[in-house]
Every structure is written in C-alpha cells, then in structure tokens.
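I have placed the structure first, in the form of structure tokens, so that the comments after it can refer back to it.
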Amino acid sequence: MVRFCRNWATDGECTMRRIRTFGVIAALLLSGCTAATGPQPTVVTVTATRQAGTSNADATSVQSLITSIMYGETQAFHRSVDAGIQYDLDHDYPGFINEASFRNCAQRWNTLSWAAYSRVADLATVRPDPNWLTPKAGPKNVDIAMSPVKPKGDTYSVTVTDSDGQASQPSTVHVTIIDGVAYDYNWACV
C-alpha cells in the first residue's frame, strides 16, 4: 500500500494530497488520448469589420450574446405574451420600432399558444454583415419607425429557427451588438 501522508499530516492535508495525487495520475493517463469519439463540435470563426465608435467582440462573445437574446425571447414568451412583447421591445435596435404600432399589431399574438415556442440560433451560420440596412417601413409593416439605415455597432446575420413545437421555420435574421449589448429587429405588423 502506498502511503500518501506522513504521520504528522492532518486528515485535511492527507485528503488534499490524495486528491492531488490521483488528479496528477489521471491527467498523465489521459494525456496520451488524442482522438475524441462521438460528434465533434463545430468551430465557427467570426471576423467582424470594425465600425467607427464601436468595439468588436470576439467570436465567443458574439455567439453568447446571440444565443442569450434568442433564449431570452423564448423564455419571455413562455411566461406570457405580454412578457414576450415587452422583451421584443426592450431588445429591438434603438429607434427601430414604433412601440404603439408594435403593441397594436402584436395583440393578435394573444390567440397563439406560446408554451412550446422556441427561437434557436444556428451559431455555425453567424456572419458579419457590416453593409446591412434595416428594413423599410411599408403599408403592412407600419410598426417600423426608421427608414433603411446602416445600424451603428457590429451587425451579424444568423439563421434562426422559430418553432411552435409542431412546425419549425428557419429564417435569416440580423443582430447588432453595441457596447456588448445585442439588439435584434422584430416587427409585428405583417
């Protein structure tokens, strides 16, 4: 039997020495393993074009912000339609939406079931889109408050799948990051 502790060591010191020793042994044994089994994660490289007055986030931060805004919207709609509407308004690009028109059009959402709703971004599709312009307001989307403009910050396109639990619909959406905060572009009048 191998002795891990000297006679003078306390129980706590002895336990910690055992943990460290087994950790080192495990690391040495596993260090020879170079081939992983099972599905491999997709590595996405995102390179953004810096715009004046903004700072580019690294790819992991961009992906995290995009995931967070989509997950937040899903969770808000699971709480209630009003919470989902408020979340969309709070996270839309500043000045993009006319709030009164948006709320008026979004009232039809009260007739839908949101319990199984999800909005999931495919992070492998995240791409910088520095020349993208916001959509133009028209006769059907009257809740858009601005003319087509190039958003301030770093704008990315990403494929997002909206699902109601029975059917899924992928679409390309845009997310703009300004000072570490993600904004998207939702409109209710269609």
Setting aside same-chain residues fewer than 8 positions from LYS150, which aspartates and glutamates have a Cα under 13 Å from its Cα? ASP129
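Test of understanding: what is the full-extension gain from THR67 to VAL142, defined as 0.36 nm times their sequence separation minus their Cα-Cα distance?
Details: separation 75, 0.36 × 75 = 27.00 nm, distance 2.80 nm.
Between THR67 and VAL142, full extension yields 24.2 nm more.
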Dmax and Rg, reported as Rg then Dmax, of segment 59-184 (C-alpha, Å): 14.3, 39
Peptide ranges 139-145, 183-189, 171-177 listed from the most packed, as the mean C-beta count within 10 angstrom indicates: 183-189, 171-177, 139-145
As an exercise, use a Förster radius of 22 Å and the Cβ-Cβ distance of SER163 and TRP109 to find the FRET efficiency, rounded to the nearest 0.05. 0.90
Beyond 18 Å, how much of the Cα-Cα pair distribution for segment 93-151 remains, as a whole percent? 57
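Read the figures in this text as sums done on the coordinates, not as results from a lab. In this text the structure is predicted, and so the values were computed from the model without any measurement. We place every Cβ from the backbone using ideal geometry, glycine too, and count neighbours over all the protein chains shown.
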